[in-house]
Structures are given as C-alpha cells and as structure tokens.
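Notes follow the structure.
Any read-out appearing in this document is the output of simple, stated calculations on the displayed coordinates, not a laboratory observation. Keep in mind it's a predicted model, so treat the numbers as computed, not measured. Cβ: placed from backbone, ideal geometry, glycine included. Neighbour counts: every protein chain shown.
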Amino acid sequence: MPLDKKFSTAGSENQEPAETPSKREGQASAGLGSRLMQLPRRLYFWVLGFAHSPHSERALFGLAFAESSFFPIPPDALLIPLVLGKPGKWLRFAGFCTLASVLGGVFGFGIGYWVWSAVSEAVFAMHLPGLSPEKFEIVAALFRRYDFWIVFAAGFTPIPYKVITISAGLMAVSPAVGQPLAYFGVFLLASAIGRGARFYLVAWLCRKWGPPVLPFIDKYFGWLTLAFLVLLAGGFYALRFLH
C-alpha cells in the first residue's frame, strides 16, 4: 500500500466522528437545563452575599418584598445570618422582614386583581379544562369562607405565600367574595399576623440559641408550623362544637 494512502487511511481511522447539528443542539439543551437547575442555588448564594454588606437591611427589605409575589428565595435565607451576626437587632430585622413581606403581598394581590380583570373574559372564552366561570365562583366562595385562614397559613407555614397573594387578588374580582375592600382588609390582617409570627419566631430562635439552632430550623421548622396550624384549627373547631 502506498505510504500516502496508508497515512490517509490511518488518519481517517483515528479521526473522531463529526458532530451533527442535532448532537450540538442536544448538548446545548443539556447545558441550558443544567444551568437552569443550578439557578436557585446561585440565587441563594447571591442572597447570602448581602449578609456582610453595608446594604444588608435594604437587601432584606427588597428580598422580603419580592418573595411575596415572584422571587423564589425566601427572606429567611438572609434574615437568619443577619440575626446571627447582630443578635441585638433581631427585632429590627424581623420587623423589616414583616413590613416588606406584607407590602409585597399587597403588590401580589394587585397583580392578581388587575391582571385578571384585564384577561378574564379572554381566558374564559378559551374554554380551558377546569377553568370556567362556575368553578371560578366556587373557588371564590371558598376564599370568602376561609380567607383569613388560607392567607394566614401561607404566611406562617412553608406553603408558598406568593401563590396565595396573587390568588387572593384574583378572587377579589368575583362578586362571590362580597365587598372587595373588606376582603382586602382581611387579607392584609392575615398577612401581617402570619408573616409577623413566622419572621419574629425565626429571629427569636436565632437570637436565643444562636448557630446550633440552624439544623433544627432547617429540618423541623416547616413541620412545626404546619402542626401548630392544625392544632390551632382543631382548637377552634372544638370550641365551636362544644358551643
């Protein structure tokens, strides 16, 4: 075999197969998926970076506000290190968190109220499964009956608060909830109590026991808040039954 042909054959044997467009697209999609999965983790560490910043209180306020309507990282992630770093300011930090979260809840309520008002007729006209004016009224009636407890539960427990703030505003559009102003007042009160109870409790635990309490908060705090809510509701039902 001629040398030039031999070398050309050897080169073709060792040469890696060329990438096809579909393979490149698959690699790009996999890379994008990996980056999207890492996004909450990156956001979490980005939030933690404000713990030692001179703008930490502003960051806490902004985080608590945004989390009530769209941001995925809860303000506890920044509240805890701030209290651990400056235990004497635990009341101030918890107060900042509560105020900002309630205001953010009002913003989420506005999103549900005003956006739904603009698109409800178009949405109903699409005849989507499970979404009809009749079912919408049923859900609105449930909000009217349990509005305080639904909002309080979302504010105090791991239930996503942002989902309830937007849903509450959405439900306010319906005539089934009665007077929208009174409905909004109940929403505001339940938000303030639920969010305040959560953030002041977290801040107090960190102030009282310091860093050793972190594993407890991480593993059991959510379950304890749910258990407390169940016991509280059970107590009210028991009193109602006895009377």
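What to note about this one:
- Stretchable slack from residue 146 to residue 57, in nm (0.36 nm times residue separation minus alpha-carbon distance): 28.6 nm
- Local net charge near residue 89, Cβ-Cβ under 10 Å (Lys/Arg +1, Asp/Glu -1): +2
- This ranking places 57, 134 by how few other beta-carbon atoms lie within 10 Å of each, fewest first, which gives 134, 57.
- Pair residue 45, residue 219: separation of 7 Å Cα→Cβ label points (nm): 2.6 nm
- Of the residues 171, 126, the one with the fewest other Cβ atoms within 10 Å heads the list, and the complete ranking is 126, 171.
- Placing dummy labels 7 Å off each Cα toward the beta-carbon, the span from residue 92 to residue 189 is 3.2 nm.
- With neighbours defined as other Cβ atoms within 10 Å of a residue's Cβ, the residues 206, 97 order from fewest to most as 206, 97.
- Cβ-Cβ FRET estimate between residue 70 and residue 209, R0 fixed at 22 Å, reported to 0.05: 0.10
- The Cβ shell under 14 Å around residue 107 holds other residues with a net charge of +1, Lys and Arg each +1, Asp and Glu each -1.
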